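*Asks:* Have a look at the structure that comes next, please.
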Number of protein chains: 2
Amino acid sequence: MADDSAVVADFPAAGHDHARCLAGALATAEALCRHRGLRLTELRRQVLELIWAEHRPIKAYELLERLRERRSGVAPPTVYRALDFLLQEGLIHRVESMSAYIGCSAPERRHPVQLLVCRRCAAVAELADGEIEALLRRKAQGLGFEVDSATIELEGVCPQCRG
Amino acid sequence: MADDSAVVADFPAAGHDHARCLAGALATAEALCRHRGLRLTELRRQVLELIWAEHRPIKAYELLERLRERRSGVAPPTVYRALDFLLQEGLIHRVESMSAYIGCSAPERRHPVQLLVCRRCAAVAELADGEIEALLRRKAQGLGFEVDSATIELEGVCPQCRG
DNA sequence: CCTAGAATGTTATACCGTACCGAATATGCC
DNA sequence: GGCATATTCGGTACGGTATAACATTCTAGG
């Protein structure tokens, strides 16, 4: 049980209940914002919901389309502002290698983030592995470099797609 | 000497000789392409030269501007094609977090890449650390995930900027 | 209420990257 | 050399990503 808490979100299994984890994520976000004195407005909540509904990385302009089915006259800045807020509060992550966004599975605490992205089905697993974090920090320190943040993304094939 | 070869390129020191490492990089690229039976055309050589001349991550459209000072009628695809070739052959790396490109300091052999990017001066150090690679692979394997490639970028402050 | 700050609406534009097609150039074969 | 073939390059047009700047609306607190 040395690093049991490292896996924040495994790849979704076959019988995985989407609706349930969506509801859970929204509830957590609501609680978290209340606790931090922030406003999870209707817009922000809708964007977060659309992201979790996908349960895969989703692109900003895809969100824009979906949002337009619910609200009229939504323009890019509207989406990007909501994304900025959610990123800021650690409620979502940006997948750099895809220019896309995905819900964070453990937003209540700040944690290092390592993403495993399947190149077949685009499913994502999320790690918050302290051992990786520590090793990277140690290596950087060896060069006198002080790490502020890290982008760690592994592309490969998930267990489901390996069959 | 467990991991002495991990640091491929440290942050450039004060008295660092730009011209020399540019020349070295071009010579290496030339040798490497000859060895692989590939054509380091004038265009590709010029793009590689512009990237190394900067010695910092440089953006595609910045390269485009610089190229236009030497050639007439250069359009985006011209630059991107050259970049694709150089990326393919491991002669340069893409810095995902900046949408920019930087020369690889050890192109002769394929290696894992970890980049340390200074958020003050944008200087970059390059690691090819097998220990990091192995740890990531091991963690991924724990989830049944098979890693094909990785994007590892650390943002922070370099020793020079820390003063 | 009233007001200051936050959030959102709206327009326009900058930046990053690619599909596609045709021209030029290099390479291998006779 | 002359020819067919494949690679590379020029150039147009466009699509995807993101933000600047300013107007408007909403919200919380006095």
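The values are calculated or read from the model by the stated rules, or taken from the named source; none is laboratory data. Predicted model only: the values in this text are computed from it and were never measured. No Cβ is skipped: glycine too gets one built from the backbone with ideal geometry, and neighbour counts run over all protein chains shown. Remember, those area values only see protein heavy atoms, side chains included, never the ligands or the DNA or RNA. Shrake-Rupley method; radii C 1.70, N 1.55, O 1.52, S 1.80 Å.
*Asks:* Please verify whether B:Ala14 is open to solvent by 30 Å² or more (accessible area, probe 1.4 Å), away from DNA strand D (no atom under 13 Å from the Cβ) and within 14 Å of chain A (Cβ to nearest Cβ), treating the condition exactly as stated.
*Replies:* For B:Ala14, the condition - open to solvent by 30 Å² or more (accessible area, probe 1.4 Å), away from DNA strand D (no atom under 13 Å from the Cβ) and within 14 Å of chain A (Cβ to nearest Cβ) - is met.
*Asks:* Only one residue in A:Glu65, A:Glu54 is more than 10 Å from DNA strand C (Cβ to nearest atom) and buried (at least 16 other Cβ atoms within 10 Å of the Cβ). Which one?
*Replies:* Values: A:Glu65 fails: buried (at least 16 other Cβ atoms within 10 Å of the Cβ).
Just one listed residue meets the conditions, A:Glu54.
*Asks:* Of all the strands (runs of 3 or more DSSP E) wholly in region A:86-161, which have at least 2 residues that are more than 10 Å from chain B (Cβ to nearest Cβ) and in contact with a strand residue (DSSP E or B) (Cβ under 6 Å, 6 or more places away or on another chain)?
*Replies:* A:92-95, A:100-103, A:124-127
*Asks:* Oh, and also: Considering only region B:129-160, how many residues are in contact (Cβ under 8 Å) with a residue 40 or more places away in the chain and in contact with a Phe, Trp or Tyr (Cβ under 9 Å, 6 or more places away or on another chain)?
*Replies:* 5
*Asks:* Answer yes if at least one residue in region B:129-136 is under 16 Å from the mean Cα position of the chain (by Cα) and open to solvent by less than 10 Å² (accessible area, probe 1.4 Å), and no otherwise.
*Replies:* yes
*Asks:* Out of all the residues in region A:31-43, is one or more surrounded by fewer than 19 Cβ atoms within 10 Å (Cβ to Cβ), away from DNA strand D (no atom under 12 Å from the Cβ) and among the basic types (Lys, Arg)?
*Replies:* Yes: one or more hits.
*Asks:* Sticking with this one: Can you name every residue in region A:46-66 that is away from DNA strand D (no atom under 12 Å from the Cβ) and either in a loop (DSSP other than H, G, I, E, B) or at pLDDT 95 or above (or both)?
*Replies:* A:Gln46, A:Val47, A:Leu48, A:Glu49, A:Leu50, A:Ile51, A:Trp52, A:Ala53, A:His55, A:Arg56, A:Arg66
*Asks:* Among the listed residues B:Glu126, B:Glu69, B:Glu108, B:Glu131, which satisfies the condition of being within 16 Å of DNA strand D (Cβ to nearest atom) and either out of contact with any Pro (no Cβ under 8 Å at 6 or more places or on another chain) or under 18 Å from B:Ile152 (Cα atoms) (or both)?
*Replies:* B:Glu69
*Asks:* Among residues belonging to region A:71-95 that are modelled with pLDDT of 95 or more and surrounded by fewer than 16 Cβ atoms within 10 Å (Cβ to Cβ), point out the one that is nearest to the chain's Cα centre (by Cα).
*Replies:* By that ranking, first place goes to A:Leu87.
*Asks:* Kindly check whether there is at least one residue in region B:15-37 that is assigned to a loop (DSSP other than H, G, I, E, B) and touching a residue at least 24 places away in the same chain (Cβ under 8 Å).
*Replies:* no
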